[in-house]
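Any read-out appearing in this document is the output of simple, stated calculations on the displayed coordinates, not a laboratory observation. What you see is a predicted model, and the numbers here were worked out from it, not measured in a lab. Every residue, glycine as well, gets a Cβ built from its backbone with ideal geometry; the counts of neighbours run over all protein chains shown.
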Amino acid sequence: MTATFHPVRFWLHWLLAAGLLAQLAMGLWMVQLEYDHPLYHRLPHWHRSLGLLLAPWLLWRWALHRLRPLPPWPDAPWAQRLAGAVHAGLRGLPLWLVLTGVLFSGADGRPLWVFDWLAVPAPPADLRRWGAVAGDLHVVLAWALLALVGLHLAGVVRHRLRDGPSGWTRMYRR
Amino acid sequence: MTRGRWIWGVLAAWLALPAGAVEYRIDTQGAHAFIEFRIQHLGFSWMFGRFDRFKGGFEYDEQHPERNRVEVVIEMDSVNTNHTERDRHLRGPDFFDVKRYPLATFVGDRWTELGDGRARLSGRLQMRGITRPVTLTVTHMGHGRDPWGGYRRGFYATGTLKLSDWKMKKAAALGSHAEEIRLELSLEGIRQ
């Protein structure tokens, strides 16, 4: 069992953890802002921008897992199965969140902006009719991701209690 | 269930027709009917939108125009302002709340001829479960045979609503310039 993760895995994990938590926070907050709030337009703009920026890193992490899967942490079979499912969700759901977000925000055929320096073309016309459905799905997926983060943290606590400090140092300390 | 409701409403309206009135079905199938609206964006400009799906019919009595009657049922989730994110917000509980109130119904049954092809049509608009009186100014555009064997009659109508009458949660936040919303309808009927 490796004592620590490879730096690429380590930094990808924490970059995406920070990015996705920021997205969840912004997404849940921005839809509650009052119409005259200074961030009413800015926060969704940042949310769309960061979502697009996270996409290549999410793909990298997903590809890394496909090409170089890690052996499961020694634990009861049910815990290994659950951890496998949670990890698969944590890798996959954010990609679906980007996809539904792009379909929703790009459904009118106008380009999507990454801050003010990169215009990403809108989805092809044939896909734009799914915009409204994608918008609803996006919210459901976001809550599902939040639930998975909760399970993930429960797993961290379990390993800390069960295996002592070595149960979390491989992703916690460099 | 909710989809079936308007059918019975329209059917009931037609069954209640007085003799002498001629029935028309609004040509939504051929999209020769439009329900457009506009509301001010902070007083800077007009924002336009429309409802893409609705059904309805009217009765027109040349001898007794006071018997004229219009019924239109709008599927509120068909709101279209050329902005999918905004449309989703409009469909949600802050505004139309389409999950609870999928349909809006307008029944216009008080027709007053103003001469020169113009009329005033008063009725009731039910939206979000709240019914309020609405008056439209109607222009009779034309009627006659179409090239395909049918008989058509069409109207153009405008009216003004106050958003606060329908108690939409976030309507007040849109500011004083957006208290009123203007309706613009073009309805072409095919004689049945």
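Worth a mention:
- Per-pair calculated FRET efficiency, R0 = 45 Å: B:F34 and A:W143 via Cβ, rounded to 0.05: 0.75
- Ratio of Rg to Rh over region A:63-127 (Cα coordinates, Kirkwood Rh, two decimals): 1.21
- With viscosity 0.890 mPa s and temperature 25 °C, the Kirkwood radius over alpha carbon pairs of region B:85-192 converts through Stokes-Einstein to a diffusion coefficient of 155 µm²/s.
- Binned Cα-Cα distance frequencies in chain A - 5 Å width, integer %: 1, 7, 14, 19, 19, 14, 10, 7, 5, 3, 0
- Region A:126-174: translational diffusion in µm²/s, Stokes-Einstein, Kirkwood Rh over Cα pairs, 10 °C, 1.306 mPa s: 120
- Among B:T84, B:T137, B:T105: highest mean-square fluctuation, GNM of chain B, C-alpha pairs under 10 Å: B:T84
- In the elastic network of chain B, a GNM with C-alpha springs shorter than 10 Å, the most mobile of B:E179, B:E75, B:E59 is B:E179.
- Sum of -39500 (n - 2.57) over DSSP H runs of 4+, divided by residues of chain B (222 nm, nearest 500): -3500 deg cm²/dmol
- The convex hull around the C-alpha trace of the protein assembly as shown, projected and averaged over every direction, spans 24.7 square nanometres.
- Between region A:59-128 and region B:117-181, the Cα center-to-center distance that results, in Å: 45
- Taking A:A134, A:A17, A:A76 in turn, the Gaussian network model of chain A (Cα-Cα springs below 10 Å) assigns the largest fluctuation to A:A76.
- Backbone N within region B:26-64 under 18 Å of label point (7 Å from B:D146 Cα along the Cβ vector): B:26-35, B:53-60
- Using distinct alpha-carbon pairs, which all enter the 1/r mean, Kirkwood radius of region A:86-174 in Å: 15.3
- Alpha-carbon radius of gyration plus Dmax, which is the widest Cα pair, for region B:50-131 in Å: 15.6, 48
- Once both labels are positioned 7 Å from their Cα atoms along Cα-to-Cβ, the gap between B:F48 and A:A76 label points is 6.5 nm.
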